[in-house]
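Asker: If you scroll down you'll find the structure; I have some questions about it.
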Amino acid sequence: MELVDRYILAVKQSLPADKGDEIGRELKANILDEVDALNAENASIDEAVNQVLNKYGHPDTTANRFYSRPALVSGIDMPLYKKVLVHSAAFLFAYAVVRTLFSMIQHDSINPIRLLLQPLGLFIENLSLLFLIVTLSFYYIGKNGSISAWLYRNWSLNKLPANPSFKISNSDTITDIITNSFLLLILWTHLWMSEDVYQQQIFAIAPAAEHWRYILTVLSLQSLIQALYRLTQIHWQRGSYIAYMIDHALFAVAAVWMALTAPIVVMKDTINENLPAFVLTFIDTSQSYFLLSVALILFVLLYFQIKKFPDLK
Amino acid sequence: MSETRINKLRLELRRGVLILSVLASSKEPQYGYSLRKHLSNAGIEIDEGTLYPLIRRLAEQELLSSEWKNTDGRERRYYVLSDKGRVVLEQLTEDWQHLNKSISALLEKS
């Protein structure tokens, strides 16, 4: 019978402390009854004990049968859990890229290899923490019931996506977040860059184009907010799609307008003196062409978006 | 279909019915092993690793009440249907009979 006690002890070790004694006591009573029954059928006590315990299996398996711990994430919340993880990871990656760019600009050195490796390192470093936070949040909030059921409590048929094939591209959204964040950083370099490093910058916004700093800030902020909102969505809705088209249209018009009023960006006077004249001419004239190219790309994108729009109805 | 898959389907089919069988067998006080024998005699084989945890869960849900007793020089935990369990058993019995009738009709048609 020593074997039975050892088995019970092993089972108890896999159980919470407050349940172990009670379950162990009951398990022992059941095992002894089973052993007695086999013994009555001519098996020796040792044989009977072996037979019964082998039938129960590994102590952990027995413990799990008597006390099943709640899953960290319930099956019903799993799709939502995956979605939160993927979107948070995407956001984390965007953050890593922006932070790296920020750091590089601050140190006045853009190294392509560092630009590739540093965001990746930063992303992996934060990923485990993200995984832990999301999982624990689901565990603690999910203790009181399904999170999905609570989130979708106000769902109705009219909230079905207009066209389920119109899925929002996460990579496009992430690109928008990175682009807009970077644009905002560039526009407001003098607010976060040290004076010394700022003075060494080659380019500056032309004094006559200073208003573009504010116009582009407003455009970038609205675009950034749209992109962040899209991260929470799976499908395009008419409203979000129209807002996305307006976003592209605004940037396209702004690009044309800037091209017509160029130069928007000028070389700093202190550095101008050291540069050949043809370089300055090239920078002055090429700005318009560059901005017109950007506008053209945005108008082409807009054209295809408008063309697809009727399918969303 | 493989035998393993069929066994899984059998288990799924039996899962709900086992609760009804245990509740129905607990009108009189039963301890773990006696309940298993009782079910076995009625033609319902259930292994101890499934039955004993199931009884505990039903007790936690207050469908069975329990008390420790010393019988034949050994302590055993006896379970018996509680008042709440009695009401649930009546409802489940009614559901089972209705379901049984419907499924029998379906099986006859096919």
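Asker: Which residue, A:L221, A:L130, A:L151, tops the fluctuation ranking in a GNM of chain A built on C-alpha contacts under 10 Å?
Answerer: A:L151
Asker: At the nearest 100 Å², what buried accessible area, both sides summed, do you get for B and A when the probe is 1.4 Å?
Answerer: Accessible area lost upon association: around 1800 Å².
Asker: Please report the accessible area of B:E62 (heavy atoms, 1.4 Å probe, ligands and nucleic acids excluded) in Å², nearest 10.
Answerer: Approximately 110 Å² for this residue.
Asker: Please list, in order along segment A:51-62, the HN-Hα scalar couplings obtained from phi with the Karplus expression 6.51 cos²θ - 1.76 cosθ + 1.60 (θ = phi - 60°), rounded to whole Hz, x for Gly and Pro.
Answerer: 5, 5, 5, 5, 5, 5, x, 4, x, 5, 5, 4
Asker: Using label points projected 7 Å from each Cα along Cα→Cβ, tell me how many nm separate A:S146 and A:D172, to one decimal.
Answerer: Distance between the two pseudo-spin positions: 3.2 nm.
Asker: Among the aspartates and glutamates, which have Cα under 19 Å from the Cα of A:K83 when same-chain residues fewer than 8 positions away are ignored?
Answerer: By straight Cα distance, A:K83 reaches A:D172.
Asker: Excluding residues fewer than 8 places away in the same chain, name every one of the aspartates and glutamates whose C-alpha is closer than 14 Å to that of B:K84.
Answerer: Here the aspartates and glutamates satisfying the reach criterion relative to B:K84 are B:E60, B:E62.
Asker: How much accessible surface does A:Y244 have with a 1.4 Å probe, in Å² rounded to 10?
Answerer: Accessible area, nearest 10 Å²: 20 Å².
Asker: Can you compute the modelled spin-label distance between A:K19 and A:L3, with each label point 7 Å from Cα toward Cβ, in nm?
Answerer: With each label point 7 Å from Cα toward Cβ, the separation is 2.7 nm.
Asker: Tell me, what is the 1.4 Å probe accessible area of B:R10, in Å² to the nearest 10?
Answerer: Around 120 Å² of this residue is reachable by solvent.
Asker: At 1.4 Å probe size, with the rest of the protein present, what percent of the exposed accessible area of the protein assembly as shown is carbon and sulfur atoms?
Answerer: Carbon plus sulfur share of accessible area: 62 percent.
Asker: Calculate the all-directions average of the projected area of chain A's alpha-carbon convex hull, and give it in nm².
Answerer: Mean projected area for chain A: 26.5 nm², to one decimal.
Asker: Filter the chymotrypsin sites (Phe, Trp or Tyr not before Pro) in segment A:109-155 to those in DSSP coil with at most 14 other Cβ atoms within 10 Å of their Cβ, and list the result.
Answerer: Within segment A:109-155, the qualifying chymotrypsin sites (Phe, Trp or Tyr not before Pro) (loop, at most 14 other Cβ atoms within 10 Å) are A:Y152, A:W155.
Asker: Pairs A:K12/B:K8; A:K143/B:K8; A:K167/A:K308; A:K12/B:K37: which are spaced more than 18 Å apart, C-alpha to C-alpha?
Answerer: In this structure, A:K12/B:K8; A:K143/B:K8; A:K12/B:K37 exceed 18 Å between Cα atoms.
Asker: Taking chain B as a Gaussian network, where each spring joins two C-alpha atoms under 10 Å apart, which residue of B:A42, B:A24, B:A59 fluctuates the most?
Answerer: In this elastic network of chain B, the residue with the biggest mean-square fluctuation among B:A42, B:A24, B:A59 is B:A42.
Asker: Enter the accessible area per residue of segment B:3-109 (Å², integer; probe 1.4 Å; all protein chains in place).
Answerer: 64 Å²
Asker: Please state the relative contact order of chain A as a whole percent: Cα pairs under 8 Å, 6+ residues apart?
Answerer: Here the relative contact order equals 15 percent.
Asker: Okay, moving on. Considering only A:M193, B:L64, B:L92, whose Cα is most displaced toward the positive end of the charge dipole of the protein assembly as shown, charges sitting on Cβ of Lys, Arg (+1) and Asp, Glu (-1)?
Answerer: B:L92
Asker: Quick one: accessible area per residue over segment A:2-66, 1.4 Å probe, rounded to a whole number of Å²?
Answerer: Value returned for segment A:2-66: 52 Å² of accessible area per residue.
Asker: Could you sort the residues of segment A:54-75 by number and keep only those whose accessible area is reduced by 20 Å² or more in the all-protein-chain setting relative to the chain alone, 1.4 Å probe?
Answerer: The answer is A:K55, A:Y56, A:R65, A:F66.
Asker: While we're on this one: Where does each of A:D172, A:D33 land when they are ordered by accessible area, with a 1.4 Å probe and the largest first?
Answerer: The most accessible residue leads, giving A:D172, A:D33.
Asker: While we're here: For segment A:71-78, what does the Karplus curve 6.51 cos²θ - 1.76 cosθ + 1.60, with θ = phi - 60°, yield as ³J(HN,Hα) per residue in whole Hz, taken in order and with x for Gly and Pro?
Answerer: 5, 4, 10, 6, x, 5, 8, 4
Asker: Another question about this same structure. Can you find, among A:P119, A:Y152, A:L130, the residue sitting farthest towards the positive end of the charge dipole of segment A:71-160, where Lys and Arg contribute +1 and Asp and Glu -1 at Cβ?
Answerer: Towards the positive end, the residue furthest out is A:Y152.
Asker: Another question about this same structure. How high is the relative contact order of segment B:1-90, in percent, counting Cα pairs under 8 Å that sit 6 or more residues apart?
Answerer: 29 percent
Asker: Let me ask you something else. In whole Hz and in residue order, list the ³J(HN,Hα) couplings for segment B:84-98 that follow from phi through the Karplus curve 6.51 cos²θ - 1.76 cosθ + 1.60, θ = phi - 60°; x for Gly and Pro.
Answerer: 5, x, 5, 5, 5, 4, 4, 5, 5, 4, 4, 4, 4, 5, 5
The values are calculated or read from the model by the stated rules, or taken from the named source; none is laboratory data. Just so we're clear, the structure is a prediction, and the values are computed from it rather than from any experiment. Here the Cβ is made from the backbone with ideal geometry for all residues, glycine too, and neighbour counts use every protein chain on show. Ligands, DNA and RNA are stripped out before the accessible areas are found, and what is left, the full protein with its side chains, is counted by its heavy atoms. Shrake-Rupley method; radii C 1.70, N 1.55, O 1.52, S 1.80 Å.
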